[in-house]
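**Q** My questions will all concern the structure given below.
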C-alpha cells in the first residue's frame, strides 16, 4: 500500500462527509432530494467518490433519511482516521529506514 491510496481514500471520505452534511442541512427543506455518494475502487491505487441524486419520490417533504446519513458520517470519519494512522505509520517507517541508511 502506498500513500497515494490513503490520500485518495481520505478525499473520498471528505466527499462523503460533504454530501451527508448537505443532506442533513436540508433535512427540513420541502421537496429536497438528497445526494448519494458511493466509493469505488479504480485500480489498485485509487479510490474515487461518485455522487448522484437519489431517486425522487415526488414527496412534498424532504426525502433525507437521517437514519442513513448519520451512520454514513461515522463511517467516513472512521475511514479518515484509519487512513491518517496508516500515513503516519508509513512516514515513521520511512524515517526509520532513512536513519538506518544514514
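**Q** Against the longest alpha carbon principal axis of the chain, how many degrees, from 0 to 90 and to the nearest 10, is the axis of helix 66-101 turned?
**A** Between helix and principal axis, roughly 10 degrees.
**Q** Just how many % of Cα pairs in region 14-102 lie over 14 Å apart, if you round to the nearest whole percent? Don't skip to the end; give the middle numbers.
**A** Values: 2822 of 3916 pairs.
I get 72 percent for the Cα pairs in region 14-102 exceeding 14 Å.
**Q** Turning to a different aspect of this structure: Can you put 66, 16 in order, fewest other beta carbons within 10 Å first? Write down the numbers at each step before the final one.
**A** Numbers: 66 12, 16 23.
So the ranking, lowest neighbour count to highest, is 66, 16.
**Q** Report, to the nearest 10°, how far helix 3-25 tilts away from the longest principal axis of the Cα atoms in the chain, using its own Cα long axis and a range of 0 to 90°.
**A** Approximately 20 degrees, to the nearest 10.
None of the figures in this text is laboratory data; all of them are computed from the coordinates on show. Quantities reported herein were computed from a predicted structural model and do not represent experimental measurements. So basically every Cβ, Gly included, is an ideal-geometry build from the backbone, and we count neighbours across all protein chains shown.
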